[in-house]
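Structure, as structure tokens:
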Amino acid sequence: MKIEILSADIRKIDRYCVEVLGIPEMILMESAALSVLKNIDTENITAITIVCGTGNNGGDGLALSRLLSAEGIETEIYIIGRIEKMSPACRKQYEILKNMDMEIRVIESPEDIGDLEISMGKSQMTVDSIFGIGLKRELNSLYSTVLDAINDKSGEIVSIDVPSGMNSDTGRILTNCVKANMTVSFIGRKKGFANMEEYTGKVIVENIGVSDITVKKALGSI
Ligand SMILES: NC(=O)C1=CN([C@@H]2O[C@H](COP(=O)(O)OP(=O)(O)OC[C@H]3O[C@@H](n4cnc5c(N)ncnc54)[C@H](O)[C@@H]3O)[C@@H](O)[C@H]2O)[C@H](O)CC1
Ligand SMILES: [K+]
């Protein structure tokens, strides 16, 4: 879609896809993860650190971890926040990785980011899947410390959907924000990205299998 889009529109499109068209949420998430994978140079990258939140943006990152590891890439997976707070789809992705015996580290306190910093320092790429369109309030010290560490320690940074820390509707930086080299954003370019290239890097929009006609029907414009 060439239009700039608000989070409320994305929510409407999501609901339409799930409730009217019958596309399961996990399929949308898998398509989202596959579309990020498509934009990663898997031929030349051997190690990636994936930093996930507990909402569906985090779920995208967990699904991507599985896909990257199937490509033979060494993945180090971190979840920031409490497992109990996971959205249902994020939890399903977490359980799949657990069933596969993949190692996942959980960070609940800013004092515990040492291993994450080492991991980002030795990986060629960090994937930021902490917050997407669901970020609303100011960040606590755990999240703001992790976002600063991502900027300080990473090689290349790829943000999923939105650079974590930015309100995707307004572009406002809530506390601090990931400075990505590339943001792979879903369905449409988020309205808040205007003049925010310092944080978004190059923006790539992927349709995750949702056609322009579906978008128009979901938004009631046809
Ligand atoms: N159709 C699509 O575009 C699809 C998008 N997908 C991805 O889903 C996210 C949106 O997921 P959602 O769960 O609604 O929100 P987030 O993951 O961005 O974050 C919500 C999570 O974070 C907590 N939270 C919010 N603000 C704060 C804060 N300041 N401090 C701490 N915690 C905070 C909140 O409570 C929630 O737990 C979208 O961006 C895409 O990446 C789908 O996967 C596919 C369809
Ligand atoms: K993100």
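Values quoted throughout were computed directly from the atomic coordinates according to the rules given, and no laboratory measurement underlies them. Owing to the predicted nature of the structure, the values given are computational and were not obtained by experimental measurement. Neighbour counts are summed over all protein chains in view; Cβ atoms, including those assigned to glycine, are modelled from backbone coordinates with ideal geometry.
Structure values in brief
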{"item": "Sole residue being more than 23 Å from residue 16 (Cβ to Cβ), buried (at least 24 other Cβ atoms within 10 Å of the Cβ) and aliphatic (A, V, I, L, M), chosen from 127, 162", "result": "127"}
{"item": "Residues satisfying the stated conditions in the range 71-83, i.e. within 14 Å of ligand 2 (Cβ to nearest atom) and out of contact with any Lys or Arg (no Cβ under 6 Å at 6 or more places or on another chain)", "result": "79, 80, 81"}
{"item": "When residues of the range 73-108 are limited to those that are in contact with a strand residue (DSSP E or B) (Cβ under 9 Å, 6 or more places away or on another chain) and surrounded by fewer than 12 Cβ atoms within 10 Å (Cβ to Cβ), the one nearest to residue 53 (Cα to Cα)", "result": "82"}
{"item": "Residue in the range 141-158 that is within 23 Å of residue 59 (Cβ to Cβ), surrounded by fewer than 24 Cβ atoms within 10 Å (Cβ to Cβ), β-branched (Val, Ile, Thr) and free of Cβ contacts under 8 Å to residues at least 24 places away in the same chain present", "result": "no"}
{"item": "Options 136, 202; residue that is touching a residue at least 24 places away in the same chain (Cβ under 8 Å) and within 24 Å of residue 8 (Cα to Cα)", "result": "136"}
{"item": "Matching residues, the range 165-196, being closer than 18 Å to residue 39 by Cα and either aromatic (Phe, Trp, Tyr) or assigned to a helix (DSSP H, G or I) (or both)", "result": "186"}
{"item": "Single match in 111, 43 (criterion: surrounded by fewer than 17 Cβ atoms within 10 Å (Cβ to Cβ), charged (D, E, K, R) and part of a helix (DSSP H, G or I))", "result": "111"}
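For (1) within 13 Å of ligand 2 (Cβ to nearest atom); (2) part of a strand (DSSP E or B), each residue gets a yes or a no:
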{"position": "59", "(1), (2)": "yes, no"}
{"position": "65", "(1), (2)": "no, no"}
{"position": "69", "(1), (2)": "no, no"}
{"position": "94", "(1), (2)": "no, no"}
{"position": "106", "(1), (2)": "no, yes"}
{"position": "115", "(1), (2)": "no, no"}
{"position": "127", "(1), (2)": "yes, yes"}
{"position": "132", "(1), (2)": "yes, no"}
{"position": "163", "(1), (2)": "yes, no"}
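Per-residue answers, yes or no, for (1) within 16 Å of ligand 1 (Cβ to nearest atom); (2) among the hydroxyl-bearing types (Ser, Thr, Tyr); (3) farther than 18 Å from residue 126 by Cβ:
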site	(1), (2), (3)
46	no, yes, no
63	yes, no, no
69	no, yes, no
73	no, no, no
76	no, no, no
88	yes, no, yes
